[in-house]
1. Mind checking which residues of the stretch 298-311 are at pLDDT 90 or above and either surrounded by fewer than 17 Cβ atoms within 10 Å (Cβ to Cβ) or basic (Lys, Arg) (or both)?
2. Restricted to the stretch 31-68, and to residues that are among the basic types (Lys, Arg) and free of Cβ contacts under 8 Å to residues at least 40 places away in the same chain, which residue is nearest to ILE106 (Cα to Cα)?
3. Among the residues of the stretch 319-339, is any at pLDDT below 90, in a loop (DSSP other than H, G, I, E, B) and open to solvent by 40 Å² or more (accessible area, probe 1.4 Å)?
4. Kindly indicate whether any position in the stretch 72-82 is at pLDDT below 95 and farther than 27 Å from SER137 by Cα.
5. Tell me whether the stretch 121-139 contains one or more residues that are open to solvent by less than 10 Å² (accessible area, probe 1.4 Å), part of a loop (DSSP other than H, G, I, E, B), at pLDDT 95 or above and not aliphatic (A, V, I, L, M).
6. Take the residues of the stretch 50-88 that are assigned to a helix (DSSP H, G or I) and touching a strand residue (DSSP E or B) at 6+ places or on another chain (Cβ under 7 Å): which is surrounded by the most Cβ atoms within 10 Å (Cβ to Cβ)?
7. Could you check how many residues of the stretch 203-219 are surrounded by fewer than 17 Cβ atoms within 10 Å (Cβ to Cβ) and in contact with a His (Cβ under 9 Å, 6 or more places away or on another chain)?
8. Of the residues that sit in the stretch 159-199 and are open to solvent by 40 Å² or more (accessible area, probe 1.4 Å) and of a type in the set (A, V, I, L, M), which one is nearest to SER146 (Cα to Cα)?
Amino acid sequence: MNGTSRPPRLVDDLIPVILDSNGHWWPRDLQRLALVSYAWIGPVRRRLYSSPNLRSYRACTLFARTLASNPDLAGLIRALELHPAVERLSGYVGISEKEMASIRSILSLEGLRKVTLGGDLAVQADRFLQTLASSASLVELNIDGSGPTGNGTAQLNSHRVASLEWDEVMAFKFPRLRHLRLSDVQLTIVPSFMPCPTRLTSLTLHNVDIVDGVLSDMCHEAWDCLRVLTVTTKSPEAMDEHVRTLLEVCKNLDTLHFDACHEAPGVEALTDVQPPAGISLRELRISGFDITPQFLASIGRVCEGLRDLSVAGRLVRVTPEDWAAFLASGALPGLQRLATPAGTCRPPFSHWSQGMGQQVEAACAARNIALVSSY
C-alpha cells in the first residue's frame, strides 16, 4: 500500500441518467463519450441511432455502410430524416447508382415510426414511399419540399418540384399513420372508392398546392378520427374551399389553425360552411383573412362548443362595438379565451384607442373570458 487512493468510479447505472439530463447533445459529443469506456457504448448508441438526420448523399452512403457492418444498429432506429440533395449549378445532376443503392438500403429499414423525406426525395415523393419497408408501422410521415436552401421547391429546378401523389394504394400502405405533414409540396389527390384504413389524427399543410383532387378524398370515409388541422397557405382562396369541404366531413375535429401567409383582401375564410350537425371545434385560430362581423356570426352559429378563438391580421374589419355585441349576444357559450388584433381595418388598419380596447375587455370580463390583445 502506497497510501494513494483510487479515484471514485462512476456507477454504470448513472450513464443513462447523465445522457438524459441534456436533450441537446451534439453527435460529436456523443461520439467522444462512447470512447470513455465500454459501459458508455450501449447508451450512446441508443441515443445516436434513435433518430438519424441525414442531409447529404455522402452521409446516406456512410450510414448505409455502417448499418451493413453493424446489423444490430438497425434495431435502435425508430425515426429517420432524409434530406439528400445534389448541387445544381447548371442543370440537373443525376444520382449515382451507389447513392441510390444507399437510399434503397436505408428505406428498407423495418420498425420505423416516424419518417421525413426532403431534398431530392421530396420530388415525386410517392416513388420513395412505395419502397418504404416500414409503412405498416409508420405513425408519422413528413414530406418537406422546402429545399436545401429553405427557399421553397421552385428554387430546386423548374422540372424538379417537390410533389406527392396520394391515392388509395398510398392510403392502404400506411394503416397506422396518425400524423401527416406536407411542406412546400404540389399535392395530387386521386379519389378513392373504398373506405381508407388510414385514420389521421393530425394533418398539417404548409404552403401546399393542391394541383388536382379534393382534400376530403385523402382519407375517404375515415375523417372522423381527425382532431387537429393546421393549414398555412399562399393561396388562401383556393385552400379555403378545401378546408370548408373538410369541415363538413370531419365531425370530430377539435383544433383548426388557418393562416394566410400573405394578407388576402377580399378573401373571407370559412364562408358558407354547412356542416350537417354543427362543427365540434374547440380551438379556432385564423390569420391573414378578410374577417367581418358576418364571419363572427357564422362561427357563432356552427361552432357553439368553441373554447378558444384567435383572430389575427390587419384585414380584420370587426370594430370594438362588433366584438362587444358578439359577446353580449351569448354566442359561443363555452368560450374561455379570445385573442383579437389591436385595431380594425376600416381600411386602412387603425389601432384602437385605450377606451375602445377597454370596451372589449369589459365585454370579456362580463363572461369570464380571458382576452389576449396588444394595444
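1. GLY305, ARG307, SER310
2. Looking only at the stretch 31-68, we keep the residues that are among the basic types (Lys, Arg), and these are 32, 45-47, 55, 58, 65.
From what is left, the residues that are free of Cβ contacts under 8 Å to residues at least 40 places away in the same chain are 32, 45-47, 58, 65.
Working: ARG32: 25, ARG45: 17, ARG46: 17, ARG47: 18, ARG58: 13, ARG65: 10 Å.
Here the answer is ARG65.
3. Here is the first cut: in the stretch 319-339, the ones at pLDDT below 90 are none.
Scanning the stretch 319-339, I find no residue that is at pLDDT below 90, in a loop (DSSP other than H, G, I, E, B) and open to solvent by 40 Å² or more (accessible area, probe 1.4 Å), so the answer is no.
4. no
5. First, the residues of the stretch 121-139 that are open to solvent by less than 10 Å² (accessible area, probe 1.4 Å): 121-123, 125, 129, 132, 134, 138.
So of that shortlist, the ones also part of a loop (DSSP other than H, G, I, E, B) come out as 132, 134, 138.
Filter once more, keeping what is at pLDDT 95 or above: 132, 134, 138.
Retained after the next criterion (residues that are not aliphatic (A, V, I, L, M)): 134.
Checked against the condition, which is being open to solvent by less than 10 Å² (accessible area, probe 1.4 Å), part of a loop (DSSP other than H, G, I, E, B), at pLDDT 95 or above and not aliphatic (A, V, I, L, M), the stretch 121-139 yields at least one hit.
6. Residue satisfying both the conditions and the ranking: CYS60.
7. From the stretch 203-219, those surrounded by fewer than 17 Cβ atoms within 10 Å (Cβ to Cβ) are 211-212, 214; that's our starting set.
Then drop every residue that is not in contact with a His (Cβ under 9 Å, 6 or more places away or on another chain), which leaves 214.
So the answer is 1.
8. VAL190
The values are calculated or read from the model by the stated rules, or taken from the named source; none is laboratory data. A quick note: this is a predicted structure, and the numbers were derived from the prediction, not measured. Quick reminder, even Gly has a Cβ in these numbers, built from the backbone with ideal geometry, and neighbours come from all protein chains shown. These area figures cover heavy atoms from the full protein model, side chains too; ligands, DNA and RNA do not enter into them. Shrake-Rupley method; radii C 1.70, N 1.55, O 1.52, S 1.80 Å.
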